[in-house]
Amino acid sequence: MLALTELGQRLRQERESKGLSLEDLQKLTKIQKRYLLGIEEGNYEVMPGKFYVRAFIKQYCEAIGLDTDAIFEEYKSDIPSTQTEDMPQQLSRVRSRKEIPQHTKGVSKAYDYLPTVLVVAGVVVVGIIIWVIAQNIVSDKNKEQANQEAPNSEVQQSNTQEETNETTAKNDNSTSEDDQSAADKKEKEKAAKEKAEKEKAAKEKAEKEKAEKEKAEKEKKDSGKQEYKEVQKTGRSATYALSGTDAFNLEVTSTQADTWLDVKNGKGNAFFSSILKKGETKEFDLTKETEARVNIGYSPGVELKVNGKAVNLPFDSSKQVRQVVTIQYQPAEAQ
């Protein structure tokens, strides 16, 4: 195993402090485990190119919550530059005639038999065409013969059909009354069932609308005076002030991919510091806190709600992947 560089040692310590394995980091960054290990060991030779070295280090830092710009500046001596790339010498070489493999001589001999193969193929195609034409001629003769025999067959079929209809009519007369009675009973049962289902659906709809109305009124009452205002914004961090409410409930949901999530209060005590899985939601009751700091490692698809109300992230997630949101809370009763 290679000796760790200062950068590799720093990254590995930070990863292990977060409780992340290389497998966890591979899921977060979509970078193969062997490349992540190469970054930690300073073994950049396993990378596809110098450009990928810098790109993979950037994604590694963002996934574990480190400032990429600061890391690149502090450890610039450990990170290769992308100013030039070595071009493999083999790309510029032209193979001489002598280097052509000897087995290609057999290919040229195969071309000598090509005219014969084409002639045989042509004969086969002509034979197929003649066979198709013959089949069509036989089919036309069969159709003409069938048309001549059809009138006699139709007369016989008509007589048989009349006899069948008479027999069926007699049977129908004997069973029509019983069938009508059974049909009426079945129709009544069906109508009663449909009526019960409609009444049940209407009742459930009314109950659902009532519950939604009560919920909306409660949320309106709780958040009617709530204010969530931006205080300052710099770099990838932003501060907001929450006031006009006696509750501070935070809800974080990741809808697109796994992300690193770190939630702490103003004193640095952690409520959550781990991976938030795709489709997972975490809720935090911070009513007793005066400040909360939310560190999001991969912001695309992350949604924040304060007291059940959706709030926007401070930065465009396509431009700023890692974002830090600080919320300062002052209860309404203290104002």
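Observations, loosely collected:
- Answer residue from the range 1-29, given it is assigned to a loop (DSSP other than H, G, I, E, B) and within 16 Å of residue 65 (Cα to Cα) and is least open to solvent (accessible area, probe 1.4 Å) among those: 20
- Within the set 209, 283, 214, 251, the sole residue that is under 26 Å from the mean Cα position of the chain (by Cα), among the charged types (D, E, K, R) and surrounded by fewer than 16 Cβ atoms within 10 Å (Cβ to Cβ) turns out to be 283.
- Within the range 243-280, considering residues that are touching a residue at least 40 places away in the same chain (Cβ under 8 Å) and charged (D, E, K, R), the one farthest from residue 312 (Cα to Cα): 246
- For the range 295-305, the criterion of being farther than 19 Å from residue 229 by Cα, more than 23 Å from the chain's Cα centre (by Cα) and open to solvent by 50 Å² or more (accessible area, probe 1.4 Å) is met by no residue.
- Each residue in the range 19-34 was checked for being closer than 21 Å to residue 72 by Cα and touching a Ser or Thr at 6+ places or on another chain (Cβ under 9 Å), and 1 pass.
- Taking residues in the range 210-225 that are modelled with pLDDT under 75, and partners anywhere that are not polar (S, T, N, Q), the pairs with Cβ atoms closer than 8 Å and at least 6 places apart or on different chains are 219/308; 219/309; 222/247; 222/308; 223/308; 223/309.
- The range 30-62, residues that are of a type outside the set (Val, Ile, Thr), open to solvent by less than 40 Å² (accessible area, probe 1.4 Å), under 19 Å from residue 5 (Cβ atoms) and assigned to a helix (DSSP H, G or I): 35, 36, 38, 40, 41, 55, 56, 60, 61
- Of the residues making up the range 226-241, those that are at pLDDT 90 or above and open to solvent by less than 50 Å² (accessible area, probe 1.4 Å) number 5.
- Sole exception among (1) in contact with a Ser or Thr (Cβ under 9 Å, 6 or more places away or on another chain); (2) of a type in the set (A, V, I, L, M, F, W, C); (3) open to solvent by 50 Å² or more (accessible area, probe 1.4 Å) for residue 271, by number: (1)
- Where a residue in the range 316-334 is open to solvent by 80 Å² or more (accessible area, probe 1.4 Å) and its partner, wherever it lies, is in a loop (DSSP other than H, G, I, E, B) and of a type in the set (Asp, Glu), with Cβ under 8 Å and at least six apart: 333/246
The values are calculated or read from the model by the stated rules, or taken from the named source; none is laboratory data. Please read all numbers here as calculations on a predicted model, not as lab measurements. Heads up, the Cβs are rebuilt from the backbone with ideal geometry, glycines too, and the neighbour counts pull from every protein chain shown. All accessible areas refer to the heavy atoms of the entire protein, side chains included, with ligands and DNA or RNA removed. Shrake-Rupley method; radii C 1.70, N 1.55, O 1.52, S 1.80 Å.
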